Amino acid sequence: MLTDNEIRDIQKYLQSGKPLPDRYRFLLFEDKREVELVWNGKTNEVCNIVMPFQTIEQVDEPRTDSDSKMQKTLFDFDTDERGRQLKGWTNKLIWGDNKLILSSLKNGPLQEEIEKQGGIKLVYIDPPFDVGADFSMQLEVGNEQFTKEANILEKLAYRDTWGKGADSFIAMIYERLYLIKDLLAEDGAIYVHCDYRVSSYIKLILDEIFGADNFVNQIVWKRTFSHGDVGQGAKHLGRLHDYILFYKKSDKTLIRNVFTPYSEKYITDFYKYKSKDGKPYRLVSLLGPGGAAKGNPYYEFLGIKRYWVYSKEKMQKLYAEGRIVQTKPGTVPQKIRYIDESPGVPLQDLWMDIAPLQGGSLEKRDYPTQKPEELIERIVRTSSSEGDLIADFFAGSGTTLAVAEKLGRKWIGSDLGKFAIHTTRKRLLDVQRQLKSEGKNYRAFEILNLGKYERQHYIGVNPNLRDEEKQKQLENKEKDFVKLILHAYKAEAVQNFEVFHGKKNNRLVAIGPINLPVTRLFVEEVINECRQKHITKVDILAFEFEMGLFPNIQEEAKSKGIDLCLKYIPSDVFDKRAIEKNQVVFNDVSYIEVKPLYKGKLIAIELTDFSVFYNQDSIKNAEESLKEGGSRIVIEKGKIIKITKDKSGIIEKELLTKKWTDWIDYWSVDYDFESKKEIIRVEKEKSIKQTGKLNAEDYKKEYEEVWTGDYIFENEWQAFRTKKNRELVLKSNFKELRPGKHKVAIKVIDIFGNDTMKIIEINIKGK
């Protein structure tokens with residue numbers, strides 16, 4: 001019953017046209033939920049965009065003949081004569097925004113393929129929960145370390161995650177967890193790694209999405225053994241642990257028994273006895289718990305009448321084997337249990353036995369927030385079986401995926417950072433090589449892009465505005481953005497074009513979106529307008545280009561009479577002072593020089609030159625702002641330079657990238673680039689039945705396979721630097737090719753994780 005005051009309040013709200021506060025909803029309307037999670041900007045709308053996945057690269061270390069035969073019997077794929085995987089599930093490493101990736105996996109054609117694998121059985125995610133975290137990376141050149149700043153896309157992702165504090169983070173993680181739930185198999189499980197800052201929020205979100213009844217455990221992992229905050233003036237106790245929130249999808253979720261080894265103290269306390277041959281043992285009860293009610297037999301044994309756990313025959317057998325002892329006459333007999341008969345301590349929710357990664361660890365990738373493989377292995381063993389599909393949508397350095405591969409699981413991983421994708425690629429190649437050397441199974445994996453991005457708003461349009469006001473605000477902000485870039489590029493604005501924004505000298509200028517990579521689709525729109533209006537010279541400016549875009553697209557443009565120049569927009573375009581001082585430099589795409597080496601029908605590739613044009617900070621700015629006794633590393637015109645100012649104010653410069661090879665972290669070769677077409681599945685709507693009235697159930701999604709016009713880079717040979725070995729091989733292995741013309745693709749990935757590709761044509765003589 002409502003009180004008079006409550007009735008009056010409700011009437012006031014209704015008369016004024018204002019929405020009723022949430023507290024009245026529970027009073028007026030029946031609702032099973034007694035508690036609801038609410039925050040500023042909460043919406044129940046979940047992304048349902050479907051974008052095609054573009055295969056950029058396929059990586060599969062060739063197997064030996066014996067390995068190949070083994071694969072065919074143990075794995076669900078066929079191999080070619082070299083042992084490379086031809087069919088079956090291929091593991092997937094996807095670059096892009098995980099919200100769009102999750103939506104495309106859930107609603108697109110890959111969902112079918114995922115369901116064929118039994119669905120995703122386990123998801124582990126370690127989202128960026130640290131308020132002070134960003135996408136900057138510590139890199140090593142020579143003996144010096146410097147910080148690679150985040151690119152614009154990464155900075156925007158950081159802003160969207162933490163720009164409005166906890167509200168931003170909660171909104172980000174809420175939608176992604178909703179999509180993950182839909183992707184999980186009915187018997188699947190999810191583990192979310194978090195710390196004290198956001199664990200309470202995430203727990204409530206998981207309760208709302210998965211249901212409080214599906215909460216399994218809050219695991220506490222002791223991630224460090226000491227903390228120096230107190231010595232630095234901290235007013236809190238040492239923070240030594242993280243939380244891992246463990247939820248099941250349903251009651252069908254199977255939680256497997258995992259045991260941890262006994263500690264020395266446990267063995268000392270409980271395994272007090274030793275056999276004649278020195279084996280530790282303990283004495284365990286033989287009494288049947290629950291007595292007759294549990295069906296335990298009642299009889300006399302060694303003068304003692306009790307309900308026992310075993311039958312009289314089995315008790316006599318154990319006694320004859322010396323496995324039952326009576327410590328004193330008249331006492332209840334007990335069974336001997338040797339320490340090697342127990343698998344260990346059943347897994348608990350307090351994990352204090354897994355050490356954090358140390359600086360000298362072989363698995364360490366110098367990646368922030370990297371977790372030890374032992375930690376992930378425990379999770380994978382608890383909630384998956386060999387052959388299951390598992391996923392990590394904040395892949396980072398690829399720890400989850402590496403563990404999955406070693407334990408015989410299939411996997412999907414994604415990350416927004418190019419550097420993360422590159423780090424993971426190298427790591428998984430190492431895993432493939434390790435498993436190959438041990439004669440064990442492994443799968444091919446492919447690197448994917450999200451293609452055909454829809455142009456989205458990017459500069460923070462007010463979500464509370466009406467649609468027409470949103471559009472107007474968006475248009476104004478886009479105009480401001482274009483004006484800023486053109487000014488920095490020293491180009492004049494142009495009108496009456498579909499994709500072009502400006503003109504510089506005799507070249508037209510097209511500017512890509514601020515929050516998305518420039519994709520093939522965008523460049524194709526540029527090429528189409530060029531052909532329609534007879535334009536021959538074009539500059540495309542972008543903060544980021546999708547992987548694998550060039551040089552194919554440039555060659556395509558050249559074949560149509562278009563001189564297409566791709567340039568990176570530097571982050572300092574947003575610095576008015578840099579623009580005023582003419583310090584803004586738009587960087588050309590890196591280029592590669594190679595030389596083919598012939599031996600009859602054999603071909604090898606020698607890498608002869610690699611040039612980059614990056615800028616990060618400037619020498620002049622460093623010189624002006626450095627304090628005496630300080631130093632700073634800057635990148636200017638593709639050179640990494642250490643600037644030092646001594647106590648007398650004298651400045652010294654040291655070039656760290658002394659050779660062009662210092663910029664290269666990884667390179668690979670596809671000896672016959674056009675041998676594998678990129679085939680994608682696209683949706684085709686088809687009416688199932690014709691009725692006078694069409695309903696949603698009258699339609700189903702059907703897909704057809706189409707060739708994109710591109711080819712997949714098959715990684716047939718690669719060389720890369722490792723933490724232990726900084727040397728780089730500059731000549732590939734020789735590969736036999738059939739006589740005729742072939743296109744060889746060479747891919748170079750620099751120390752920043754950016755990829756550049758070159759295609760050369762070769763001619764193998766003979767018959």
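Within the stretch 331-347, the residues that satisfy the criterion of being of a type outside the set (A, V, I, L, M) and either touching an Asp or Glu at 6+ places or on another chain (Cβ under 8 Å) or at pLDDT 90 or above (or both) are THR331, PRO333, GLN334, LYS335, ARG337, TYR338. Hey, does the stretch 677-694 have a residue that's closer than 28 Å to SER397 by Cβ, modelled with pLDDT of 90 or more and outside any loop (DSSP other than H, G, I, E, B)? Looking through the stretch 677-694, none of the residues is closer than 28 Å to SER397 by Cβ, modelled with pLDDT of 90 or more and outside any loop (DSSP other than H, G, I, E, B). Just one of the listed residues (ASP76, ASP126, ASP67, ASP134) is at pLDDT below 75, within 30 Å of LYS252 (Cα to Cα) and of a type outside the set (Lys, Arg), namely ASP76.
Yes/no per residue for (1) over 18 Å from PRO372 (Cα atoms); (2) modelled with pLDDT under 90:
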site: PHE419; (1), (2): yes, yes
site: THR423; (1), (2): no, no
site: LEU428; (1), (2): no, no
site: ARG433; (1), (2): yes, no
site: GLY439; (1), (2): yes, yes
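In the condition set (1) touching a Leu at 6+ places or on another chain (Cβ under 9 Å); (2) in contact (Cβ under 8 Å) with a residue 40 or more places away in the chain; (3) not assigned by TED's automatic domain parsing to the domain that holds LEU484, PHE550 is compliant with all but (3). In the stretch 727-750, the residues that are free of Cβ contacts under 8 Å to residues at least 40 places away in the same chain reach residues that are assigned to a strand (DSSP E or B) and among the charged types (D, E, K, R) with C-beta atoms within less than 9 angstrom, at least six apart or across chains, in these pairs: LYS741/GLU761. Against the numbered list (1) in a loop (DSSP other than H, G, I, E, B); (2) under 25 Å from PRO52 (Cα atoms); (3) touching a strand residue (DSSP E or B) at 6+ places or on another chain (Cβ under 6 Å), ILE535 comes up short only at (2). Contact map, the stretch 77-105: residues that are assigned by TED's automatic domain parsing to the domain that holds GLU544 paired with residues that are among the β-branched types (Val, Ile, Thr), Cβ distance under 8 Å, separation 6+ or inter-chain. No pairs are found. Take the conditions (1) of a type in the set (Ser, Thr, Tyr); (2) at pLDDT below 95; (3) farther than 26 Å from ASN257 by Cα; SER414 misses just one of them, which is (2). The criterion of at least 2 residues that are within 11 Å of the chain's Cα centre (by Cα) and of a type in the set (Val, Ile, Thr) is met by the following helices (runs of 4 or more DSSP H) wholly inside the stretch 352-455: 399-406, 418-437.
Would you point out the residue of the stretch 716-730, among those that are surrounded by 13 or more Cβ atoms within 10 Å (Cβ to Cβ) and among the basic types (Lys, Arg), that is farthest from LYS765 (Cα to Cα)? Selected residue: LYS723.
Per this entry, LYS723 is not counted among residues that are basic (Lys, Arg), more than 25 Å from ILE447 (Cα to Cα) and either modelled with pLDDT under 75 or out of contact with any Ser or Thr (no Cβ under 9 Å at 6 or more places or on another chain) (or both). The residues of the stretch 273-331 that are outside any strand (DSSP E or B), of a type in the set (Lys, Arg) and more than 54 Å from the chain's Cα centre (by Cα), listed by number, are LYS276, LYS312, LYS314, LYS317, LYS328. The requirement of being part of a loop (DSSP other than H, G, I, E, B) and surrounded by 15 or more Cβ atoms within 10 Å (Cβ to Cβ) is not satisfied by ASN257.
The values are calculated or read from the model by the stated rules, or taken from the named source; none is laboratory data. Only a predicted model underlies this, so the values are computations on that prediction, with no experimental measurement involved. So basically every Cβ, Gly included, is an ideal-geometry build from the backbone, and we count neighbours across all protein chains shown.
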